[in-house]
Amino acid sequence: MDATSDELAGVVDLFGGLRREELERALGELAARTDGATVEERAVDDALARAVDGFALVDLEIDGEAVYVPGPTAFPELPDHGEDLPHIMDVPKRSFDRETLGGRVADRFAASVERAVAADDRERARELIDVSYDAEAWGPVELADERSRLDDLLG
């Protein structure tokens, strides 16, 4: 199963947040129900990396483990059979403090801006400007200073 970032966000959103092992199990259940396939760990790694890099998922560390929650650019979408997951998986509904989530997004965003500026990556700078507006609408973050750095890069 090749899950899009929005599908990952949709699965995670069903529970409020999922640990990696839980997300892998959910994707495995969906793959088995959809086409009888299995999910490769590398495919999960790649999908998670894209979703986190694109700010569709926010990764928080809780008790030394990553927990993923829908991020500011996500448009959560349930993959086929996704509505069955809460009945299949014994995972509690989770909620997270918006300030904590906002802080994590702000930190990750600042690091992404730093990398884009250091690499003179104008394409990434344009993407990040869009993300900045999404993030500010999504949660308690203020990214005007970082956006200004990106604007300077784009000159």
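Worth a mention:
- Sites GLU24 and GLU61 - FRET efficiency at Förster radius 22 Å, r taken between beta-carbons, to 0.05: 0.80
- Rolling a 1.4 Å probe over the protein heavy atoms gives the chain an accessible area of 53 Å² per residue.
- Potential lengthening between ARG50 and SER148 on full extension [0.36 nm per residue; Cα-Cα distance subtracted]: 32.8 nm
- Rounded to the nearest 0.05, the FRET efficiency derived from the C-beta distance between GLU40 and MET89 at R0 = 22 Å is 0.65.
- Spatial separation of Cα centroids for the range 114-155 and the range 1-79, in angstrom: 25
- Kirkwood-type radius of the range 48-155, with distances r between different C-alpha atoms, in Å: 15.1
- Seen against the Cα atoms of the chain and their longest principal axis, helix 122-138 is set at about 70 degrees.
- Distances between placed amide hydrogens fall under 5 Å for ALA66 paired with ARG20, all partners being 5 or more residues away or on another chain.
- Rounded percent of accessible protein surface that carbon and sulfur make up, the range 19-155, 1.4 Å probe: 44
- Taking a quarter of the surface of the Cα convex hull of the range 1-50 gives a mean projected area of 3.1 nm².
- Ranking of ARG25, ARG20, ARG104 by solvent-accessible surface, largest first: ARG25, ARG104, ARG20 (1.4 Å probe, protein heavy atoms only, all chains present).
- Crossing angle, helix 20-35 versus the chain [Cα axis fit, 0-90 degrees, rounded to tens]: 60
- With Cα atoms, 0 to 90° folded angle of helix 98-118 axis to the chain main axis: 60
- Applying a DSSP loop filter and a limit of 15 other Cβ atoms within 10 Å to the chymotrypsin sites (Phe, Trp or Tyr not before Pro) in the range 18-100 leaves PHE96.
- Considering only HIS87, GLY54, ALA43, the residue lying farthest towards the positive end of the dipole of the range 30-155 is GLY54, judged by Cα position with unit charges set on Cβ.
- Computed helical MRE - 222 nm, the chain, DSSP H runs ≥ 4 contributing -39500 (n - 2.57), nearest 500: -19000 deg cm²/dmol
- Over the range 1-103, volume per residue of the alpha carbon convex hull, in Å³: 90
The values are calculated or read from the model by the stated rules, or taken from the named source; none is laboratory data. Not measured: the values here are computed from a predicted model. Backbone-built Cβ (ideal geometry, glycine too); neighbour counts: all protein chains shown. Each accessible area value is taken on the protein alone, full model and side chains, heavy atoms only, with ligands, DNA and RNA left out. Shrake-Rupley method; radii C 1.70, N 1.55, O 1.52, S 1.80 Å.
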